[in-house]
Structures are given as C-alpha cells and as structure tokens.
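Report on the following structure.
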Amino acid sequence: VAIGVDGTPPQVRLEGAPVGWASGPVRLTTVASDPLSGMAAAGPGGPMTAIEIDAGAALLVPGAAANATVAGQGTHRVAYWGRDAVGNAGDGSLAFAHPATATIRIDETDPTVRFAAEDPGDPERIEATVADALAGPAADRGEIELRPAAGTGRFQALSTNVQRGRLVTRWDSDDYPEGAYEFRAVGFDAAGDSAASTL
C-alpha cells in the first residue's frame, strides 16, 4: 500500500509587485504550488491561497491563486501564504512556515518643478529643481525645453544634465533669432509621476 506523506506548506510567489515606487494602485497575484498533496480547489476546507494587506483581514481564495489590489499613497505591507490539500499552511501555524512579505510603495502625487533664479553672470545657464516628498525626484529623467515665447509650436529639447533633484542646461542665444523665448522644465519623481514649469 502506498501512503503519501506531505508535511510542508505550498511554495508561494507574488506577481505584480513593482521594483521601487508605483504611481498608482498595484494589482497583485499570489500563486501557490505544492508538488505533493496539490492545490486543486476542494471547497472551504481544501487548498487555498491567501493575501493580506496592511495587517487587515486576509483574502482567502480556494485553489492556487489569489488577486488583490493595493491602493493609497504611502508604504504598504503585504503578507501572502497558501494551504495545501492536507492542511499544511504557511500562515505561521507551523513553526517553520511563516507568511512571506513584500513592501509596496505608492506615490500618486506629481513632483514640484521650479526654475532657479537666473545667474546675472551666466544668463545662458538654465537650472530647475525637482522635489517630491514621497518617492523623491527621479535620478535620470527630466529635461529642459525651449520655444519662442507666446507661441503654440512644439518645444525643442535642450541637452540637459539630469541629477537627482536638479535639471541643468546651457543654451547659446547667438544661435537663435532675436526675441523672447519660453523655457519649460519637465521633472519626474521616482514613481514616474511628472510635472512641468515654464519660464
């Protein structure tokens, strides 16, 4: 007589978690697998997959997958686990099997972009600052653009040195016809939100 013994909880992975910050709600999927007793749904007492957000009530879904959406600005803690066909659960009920956790960070607010005061000694150097209270400014995204003032034409991108929190460009006014010009600084935060300011 063959007797199957399964003393370990399912293996569980979390799909959809962003690296770093997200700019809006995050859809997560917890997927469980068990090579011994299995994860085939079999009613309320059978295999299930669980996901818990910010220590709230866990969502328990029969079978091998559960979906949930994390929303709201700030940092969120997500815990997830599974229970197999013989009742082994990774919910902490077994001394060696605690829920896995992940951190989800959401920033839905645009950064603040401002032009710095002009340097009278170097008027062709244009600088803007980018600030963001949650995710922080992006380290490598952003640009300063130019077009004739009061125009409706497209902005022309200028070669911009991007540092975290600063956008710096230099333009050669001798290369442009005499007149007034409008600059636009476009800055990003680490979540991908963007904002613009004109000068």
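The values are calculated or read from the model by the stated rules, or taken from the named source; none is laboratory data. Note that this is a predicted model, so its numbers are computed, not measured. Cβ: placed from backbone, ideal geometry, glycine included. Neighbour counts: every protein chain shown. The accessibility values were calculated without ligands, DNA or RNA, using every heavy atom of the protein model including side chains. Shrake-Rupley method; radii C 1.70, N 1.55, O 1.52, S 1.80 Å.
Inspect all residues belonging to segment 46-68 and state whether any of them is out of contact with any strand residue (DSSP E or B) (no Cβ under 8 Å at 6 or more places or on another chain), surrounded by fewer than 19 Cβ atoms within 10 Å (Cβ to Cβ) and farther than 23 Å from residue 135 by Cβ.
For segment 46-68, residues out of contact with any strand residue (DSSP E or B) (no Cβ under 8 Å at 6 or more places or on another chain), surrounded by fewer than 19 Cβ atoms within 10 Å (Cβ to Cβ) and farther than 23 Å from residue 135 by Cβ: present.
Given the structure, is residue 42 part of a loop (DSSP other than H, G, I, E, B), closer than 30 Å to residue 136 by Cα and touching a residue at least 12 places away in the same chain (Cβ under 8 Å)? Step through it out loud before you land on a result.
Details: part of a loop (DSSP other than H, G, I, E, B): yes; closer than 30 Å to residue 136 by Cα: no; touching a residue at least 12 places away in the same chain (Cβ under 8 Å): yes.
In short, no.
Can you tell me which residues in segment 81-105 are surrounded by fewer than 22 Cβ atoms within 10 Å (Cβ to Cβ) and part of a strand (DSSP E or B)?
The first filter runs over segment 81-105 and keeps only residues surrounded by fewer than 22 Cβ atoms within 10 Å (Cβ to Cβ), leaving 85-89, 91-103, 105.
Result: 89, 94, 97, 100, 101, 102, 103, 105.
When you scan segment 18-45, how many residues do you find that are farther than 14 Å from residue 82 by Cβ, of a type in the set (A, V, I, L, M) and surrounded by fewer than 15 Cβ atoms within 10 Å (Cβ to Cβ)?
1
Residues in segment 156-173: is at least one exposed (fewer than 12 other Cβ atoms within 10 Å of the Cβ), touching a Ser or Thr at 6+ places or on another chain (Cβ under 8 Å) and in contact (Cβ under 8 Å) with a residue 12 or more places away in the chain?
Taking every residue of segment 156-173 in turn, none turns out to be exposed (fewer than 12 other Cβ atoms within 10 Å of the Cβ), touching a Ser or Thr at 6+ places or on another chain (Cβ under 8 Å) and in contact (Cβ under 8 Å) with a residue 12 or more places away in the chain.
For the structure I just gave you, tell me whether residue 61 is in a strand (DSSP E or B) and either without any contact (Cβ under 8 Å) to a residue 40 or more places away in the chain or under 24 Å from residue 188 (Cβ atoms) (or both). Give the derivation first.
Working: in a strand (DSSP E or B): yes; either without any contact (Cβ under 8 Å) to a residue 40 or more places away in the chain or under 24 Å from residue 188 (Cβ atoms) (or both): yes.
Taking the combined requirement at face value, the residue satisfies it.
Limited to segment 125-155, what total is found for residues that are of a type in the set (Val, Ile, Thr) and open to solvent by 70 Å² or more (accessible area, probe 1.4 Å)? Even if it seems obvious, please write down each step before you answer.
In the first step, residues of segment 125-155 are kept if they are of a type in the set (Val, Ile, Thr); the result is 126, 129-130, 144, 152.
From the residues that got through so far, the ones that are open to solvent by 70 Å² or more (accessible area, probe 1.4 Å) too are 152.
Number of matching residues: 1.
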